1. Quick one: in the stretch 368-401, which of the residues that are of a type in the set (D, E, K, R) and within 21 Å of the chain's Cα centre (by Cα) is modelled with the lowest pLDDT?
2. Provide a single number: the residues in the stretch 278-333 that are part of a strand (DSSP E or B) and under 27 Å from ASN226 (Cα atoms).
3. Do you know which residues across the stretch 110-135 are more than 26 Å from LEU65 (Cβ to Cβ) and either at pLDDT below 80 or surrounded by 15 or more Cβ atoms within 10 Å (Cβ to Cβ) (or both)?
4. For residues that are at positive phi and surrounded by 15 or more Cβ atoms within 10 Å (Cβ to Cβ), tally how many sit in the stretch 155-206.
5. Assuming LYS275 fulfils every condition listed in (1) of a type in the set (Lys, Arg); (2) modelled with pLDDT of 95 or more; (3) part of a loop (DSSP other than H, G, I, E, B) apart from one, which condition is it?
6. TYR242 is checked against (1) of a type in the set (Ser, Thr, Tyr); (2) outside any strand (DSSP E or B); (3) buried (at least 17 other Cβ atoms within 10 Å of the Cβ) and fails just one. What number does that condition carry?
7. List the strands (runs of 3 or more DSSP E) that sit entirely inside the stretch 63-154 and contain at least 2 residues that are more than 30 Å from LYS47 (Cβ to Cβ), free of Cβ contacts under 8 Å to residues at least 60 places away in the same chain and in contact with a Leu (Cβ under 9 Å, 6 or more places away or on another chain).
Amino acid sequence: MKLIVLFLLSLLLQFKLLFAYIHIDTTSEVFHSKELNFSFFDSDSIKIDEIRILGNKKTKSETILRELHFDQNKIVTKNDLKFFENRILSLGIFNDVKVFVSREFDKNIMIILVQESWYIWPLPFIDIADRDWKKITYGLNVGIQNLTGKNESLNTGFSLGYDPKFYLSYFNPNFSFEDKLIFMFKTSIQKRKNKSLKSISLDDKNYNEKYFNIEIGIGKRINLFNLILTSFAYEYLQVEKYLPLRTVSENGIDKFFSILINYTFDSRDFSAYLKSGTNLNLAYKKVGLGESVVNYHIFAIETKKIVQLGYPILYFRNYSRFLSGTKLPFYANSFVGYRDRLRGYFNDVFESNSMTFSNFELRFPLIEKYILQFDLPLIPEELITYNLSIDIHAFFDNALLFNNNQSLKTTKAFNGFGFGFSFLFLPYRSINLEVAWNQHYNSQIIFDLNFPF
């Protein structure tokens with residue numbers, strides 16, 4: 001969500017008549033490929049004899065091939081080819097992808113044609129925290145994507161302004177192709193504002209937290225759709241002024257180790273603009289190991305389902321988070337109003353020990369996968385090529401919040417509904433302009449940068 005990049009992009013769009021051209025997605029224009037004799041099959045399915053990858057100057061072939069799924073006889077349909085195309089594009093390291101079948105002599109050749117995106121981003125940035133335009137941060141981020149062709153991501157940098165911090169993270173989804181291993185590491189040190197309204201109510205004053213964490217994890221990709229990851233972390237949190245439950249420790253400092261186990265199932269065709277598939281995330285985190293005074297459990301489940309109903313596409317998302325333990329600090333609570341926002345109550349914050357949050361959306365694509373390519377001197381083509389999608393959608397949001405030992409009769413529920421437009425610029429974010437009403441029919445206009453699905 002790098003606003004400075006999006007701002008510059010919007011300026012380019014405004015002046016496109018002067019120095020840019022926009023064209024629809026075509027292989028010859030986007031990839032500038034040599035003359036290739038592509039022949040699409042007329043039957044419902046066909047057996048693939050050979051796979052050929054073109055355009056991957058940096059990306060290893062195994063990174064691409066792991067997104068393919070065949071039966072034992074390598075029989076594919078036209079729908080399979082489109083699915084492969086979307087899965088490869090969802091890796092986030094290509095500006096565009098084409099999957100064709102070419103008949104050469106007596107063989108059926110599946111050709112995967114990719115255009116690699118720019119992979120080094122040393123950029124100053126302006127960002128917003130918690131999707132709140134009043135919480136501006138700025139700094140420098142150095143991001144390297146696809147470092148050795150395995151789709152790794154390395155990010156480091158610092159931010160000033162709201163919640164200043166330094167961070168470093170590394171994620172390698174292809175740590176070992178042979179054993180299908182995943183490796184991750186991240187650390188950060190931060191001075192951050194307390195998010196808990198209940199904690200503020202103790203003395204009517206907000207306060208800062210000094211926070212440090214370091215986490216290392218390893219996982220395994222079981223097959224195309226399933227993976228499991230476990231990580232071990234150390235966290236340090238110090239408050240400016242101790243009051244009960246601002247920390248578990250009475251000295252205002254909580255130091256603890258934790259372990260996380262996460263399972264993911266993901267059959268979505270495209271992680272940014274989806275048309276089909278299911279995504280399921282199950283997580284359990286034990287916070288406080290050994291003799292630590294911090295001792296509680298977090299259970300989280302997130303489900304996403306996408307179904308194409310002819311022209312419109314139905315999206316469903318539910319995120320549920322359950323907190324349990326004998327002594328629960330305020331910083332461990334569940335929140336709606338920061339990362340997860342209830343449209344209709346977009347600027348309100350709701351807090352409880354546990355919560356369940358749901359989104360329903362019916363999307364009608366207006367423009368799908370247009371290629372925006374700008375003709376600018378001295379700038380690499382990968383930096384000035386973008387995918388554009390536009391849709392109109394209707395939505396319904398629901399939040400249910402409850403505390404431990406609370407009866408169902410006193411559980412709080414909130415609803416919101418409305419409609420809007422989404423403008424999706426890949427490889428960046430979705431720009432959303434929406435009108436929403438809450439359950440009391442109070443309205444609001446929302447301008448947001450977010451990938452909801």
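The values are calculated or read from the model by the stated rules, or taken from the named source; none is laboratory data. This is a predicted model, so every value here is computed, not measured. Cβ sites come from the backbone with ideal geometry, for glycine too, and all protein chains shown count toward neighbours.
1. LYS369
2. Of the residues in that region, 33 qualify.
3. Within the stretch 110-135, TRP121, PRO122, LEU123, PHE125, ILE126, ASP127, ILE128, ALA129, ASP130, ARG131, ASP132, LYS135 meet the criteria.
4. Of the residues in the stretch 155-206, 3 are at positive phi and surrounded by 15 or more Cβ atoms within 10 Å (Cβ to Cβ).
5. Here LYS275 clears every test but (2).
6. Of everything listed in (1) of a type in the set (Ser, Thr, Tyr); (2) outside any strand (DSSP E or B); (3) buried (at least 17 other Cβ atoms within 10 Å of the Cβ), TYR242 misses just condition (3).
7. 136-145
Each row is one residue, and each column tells you yes or no for (1) closer than 17 Å to ASN151 by Cβ; (2) of a type in the set (A, V, I, L, M, F, W, C).
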site: LYS58; (1), (2): yes, no
site: ILE64; (1), (2): yes, yes
site: LYS78; (1), (2): no, no
site: LEU91; (1), (2): yes, yes
